[in-house]
Each structure stands twice: as structure tokens, then as C-alpha cells.
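The values are calculated or read from the model by the stated rules, or taken from the named source; none is laboratory data. Note that this is a predicted model, so its numbers are computed, not measured. Neighbour counts are summed over all protein chains in view; Cβ atoms, including those assigned to glycine, are modelled from backbone coordinates with ideal geometry.
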Amino acid sequence: MTSAFTRPALVCNVQSGSHDPAIRDAIEEACRAAGAPLAATFELPDGDIPDAAALRAKQIDLLLVWTGDGTINAAARAAAGWDGAILPLPGGTLNLLSKALHGDRPAPAILADALGGKGRRSPIPTVRSAAGEAFITIVAGPATRWAEVRETMRQDGIIEASRAAPDALEEMMNSPGVRVAGHGKSYPAIILTPTKRGVRADGILTDGATDVLRHGLAWLGGDFRDGPSEEVAQGETIILEGEAPISLEYDGELAEAGSPVRFGLAASAVDFVATA
């Protein structure tokens, strides 16, 4: 069990569609009720994500990151070397890391447990490459084009997303796929997940119209892992290969790398608090 924290700070995105003033008020009240009022607030997008030096300067011991998974990733990497802990709170669309650490619970309840000493703090497993790090998943391959459709739907609505969907479908079905080195089969996307036993690689399946439809719905619904897939490999290191540059999605943030790309199991450079 962790001891209670005394100087929490909050990171939030006031322009996010998930930003709810009532939940923010409840977060602030939970801190006051625990005898640990917020010592600082970092508001995005106009403000900056605090780095380790900024957190040390304000003597912060717990960073509440009430945002989406991509911002939690950025906050954790910025805080590397800081001796406090990060508490992810559900403030985005998927909230995959928050669910993994706390279950599907509201932010104020999670916070009350953490401040009450009912959490556990430790580094968490990650997947790391030369180009980036993921705390939840890396998706590699042409099917990541669906992430752009999902973002279009979030920003501009379903009509605009429907116009982008045919290009994503074409990319997924006809562009060169990716494969795990040493395995001959290529996939429209391979999902890399950090586990305590190694990096798990799952290839998504598009063997028929039903599979394709399920993947499209899974991506648009937010959680690409809901589509059909099969485990390909698991190990301390996974190398992906392709006939073209490999599209990547690190915890929701898009990137690209030349083939081959090496991914290894690592540990976060900052502690996280889990309450589940």
C-alpha cells in the first residue's frame, strides 16, 4: 500500500470534448477532502505538460493526469527521473490505461483511494523502440489509417468520417502488410502489448467481409483490440518487417518508421499508482 500523497497536481485539457467542469470540481473536492489540496494545475492546450524539473520545483508528489491515453504517455515521458508518481484518471475517449490500473471507475473514486493510501505504486511494463514508447499498445501496419478516420469522426462528425473510410479500407486491404521477423505471414496490422512476460504480438485478421466490418467498427468505436486477431509471438524483443515504411500508432499517436523496426520490453521511467 502506498502512503498518502500531500502535494498533488492536475494535468487536464480544457478544450477536450471529454472535459467536464463538474468532474473537475469533484477532483478538486476529493483532494481537499483528503487534506491534500491541488498544489498546481497545468491546463492544456495553452499550457505545457510539466517535466521532472517543473514537478520538483513545485514539490509535487502525485501527478493527476486527467486526459486521454496519448497525453498520459507524453506526461509520463516528460516526468522521467522524477521521484513522484502518476495517477491516470479517465479523461479521454478510451481511457485504456486508467481502466487497466483502476478498472472502469469514475475519476473522483479513483483519486479518493489513491490519496487514502489504498493504491500501489510501481513502474509499469512498456513497449519501446528507437522512435517512441507505448504504455498500452503499439499498432503497426497500414490499418492504422483507421485512426485518422476515427479522429475525423471525433472532430468533424460521421459524414466527414464516411468520406475518409473508403481510403482507409483500401489501405488496410491492399497495401503491403507487416510481419514479425521469423514468421512468414503478413497482416494489415500487428498489435504490440507490453506484459510482465514480454511483448505480445497479435496480428489482426481480415479473412472475410465480416472480419473487415468488425475491424472498421472496432476502430471507429475506439478500441481496435475488439476486432478479430490471433497471437503471433511473444518475447523480450519483437522485430517487425514490411515492404514499405511501417505506419505506427503509439498509444493513439501516429508515427512512421523504416523496416525493420525493433521493439523491446521496458519499464516506465516513472512510477504509476494502481488502485484496482
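With (1) surrounded by fewer than 21 Cβ atoms within 10 Å (Cβ to Cβ); (2) touching a residue at least 40 places away in the same chain (Cβ under 8 Å) as the list, and residue 54 as the residue in question, which single condition is left unmet?
Evaluating residue 54 over (1) surrounded by fewer than 21 Cβ atoms within 10 Å (Cβ to Cβ); (2) touching a residue at least 40 places away in the same chain (Cβ under 8 Å) leaves (2) as the failure.
So in the range 89-114, with the set limited to residues that are closer than 14 Å to residue 19 by Cβ and hydrophobic (A, V, I, L, M, F, W, C), which one is surrounded by the most Cβ atoms within 10 Å (Cβ to Cβ)?
Filtering the range 89-114 for residues that are closer than 14 Å to residue 19 by Cβ and hydrophobic (A, V, I, L, M, F, W, C), the one surrounded by the most Cβ atoms within 10 Å (Cβ to Cβ) comes out as 89.
Tally time: how many residues in the range 120-135 are modelled with pLDDT under 95 and crowded, with 24+ Cβ neighbours inside 10 Å?
Going through the range 120-135 one residue at a time, the tally reaches 0.
Tell me the helices (runs of 4 or more DSSP H) entirely within the range 24-138 that contain at least 3 residues that are over 16 Å from the mean Cα position of the chain (by Cα).
Of the helices (runs of 4 or more DSSP H) lying wholly inside the range 24-138, those with at least 3 residues that are over 16 Å from the mean Cα position of the chain (by Cα) span 52-57, 107-115.
Between 26, 40, which is in contact with a helix residue (DSSP H, G or I) (Cβ under 6 Å, 6 or more places away or on another chain) and not acidic (Asp, Glu)?
26
Under the condition of being farther than 16 Å from residue 107 by Cβ and more than 20 Å from the chain's Cα centre (by Cα), which residue from the range 1-23 is surrounded by the most Cβ atoms within 10 Å (Cβ to Cβ)?
Here the residue is 2.
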